[in-house]
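The values are calculated or read from the model by the stated rules, or taken from the named source; none is laboratory data. These numbers come from a predicted model, not from an experiment. Ideal geometry is used to build each Cβ from the backbone, glycine not excepted, and the neighbour counts take in all protein chains shown.
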Amino acid sequence: MSALLRYHVELLLRSQRWLAPVILYAAFLGVGVQGGQPVLDSLGYTAAGLLPVAAWLVRICVTGEPPAARAVVAAPHGPARAHLACLLTALLAAAVLGTAATLVVTLISDPASNGARVRVDRLGAGAAGLAAAYACALLGAAVGALTHWPLLRSAGRAVPAMLLGALLATVLARLPGAGRGQRPGHRIAVRPGAGAAAAARRSGPARGRGLRRGLRAHRPQNTLSVSGGPGSRRSSGRPSRTCSRACAAPVRRCGRPARWSGRRCGCSA
């Protein structure tokens, strides 16, 4: 296998067909990545751009030799091992390119989050960027392997299939945890006092009864008749604004309408 890898690496370097994807990837990074930007965003952009480049390199390695030469190479080693050496060569080239790009982007980017609110470790961010780059290179190599020889032998079918597969893999691929949990804009409605009620249930019986009494004390009463208060008026269904809060506790304690006596409410006779 090592001899096959050396053969395909030399074939790739001498063909100079790798220049087109490398130059396009460099232009992609030159447009999208600038010095001083947050390091994690820049590394994600760098890894995403490596996916179609890896698929392109697979096409270059698979179609880099004529059918006669492919048959000669496959005769002593077998067609499966020869094809595997092509794929490994493309994956290795994509990994080397991704490593170089990740190192450069890590050095020129700002080690902070969006808005420079949280400081980010440059070494840890670089390691995460390398992992993302290798994952995208592997995914791109898989797309290239599924859209070229020997599955698709015609260039008119292989190239559009490769472009479509790389686009779908880039768009549909999400970070771990995205799309799980809450949906965008989804809000949870919490009733007032629900947390206190739960705490009352978890606490002891005496304390729980005290918390529940406190919750009931804060609930508005709709059947309260108050009389005698300054500026108050009788109402069979609504308390007056002046002494409704002060008379709420006696009403609950006595079970009868409250009467205003100076500065406090008491049970009516």
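Quick check on this structure: which one of VAL31, VAL39, VAL72 is closer than 30 Å to ARG117 by Cβ and surrounded by fewer than 16 Cβ atoms within 10 Å (Cβ to Cβ)?
Of VAL31, VAL39, VAL72, the one residue that is closer than 30 Å to ARG117 by Cβ and surrounded by fewer than 16 Cβ atoms within 10 Å (Cβ to Cβ) is VAL31.
Would you be able to tell me the number of residues in region 85-96 that are in contact (Cβ under 8 Å) with a residue 24 or more places away in the chain and surrounded by fewer than 19 Cβ atoms within 10 Å (Cβ to Cβ)?
Residues that pass the stated criteria total 3.
Could you tell me whether ALA75 is out of contact with any helix residue (DSSP H, G or I) (no Cβ under 7 Å at 6 or more places or on another chain) and at pLDDT 95 or above?
The answer is no for ALA75.
The rows are residues; the columns are (1) of a type outside the set (Gly, Ala, Ser); (2) assigned to a strand (DSSP E or B); (3) in contact (Cβ under 8 Å) with a residue 40 or more places away in the chain; (4) more than 13 Å from LEU43 (Cα to Cα).
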| site | (1), (2), (3), (4) |
| --- | --- |
| LEU123 | yes, no, no, no |
| ALA132 | no, no, yes, no |
| LEU138 | yes, no, yes, yes |
| GLY156 | no, no, no, yes |
| PRO160 | yes, no, no, yes |
| LEU163 | yes, no, yes, yes |
| LEU168 | yes, no, no, yes |
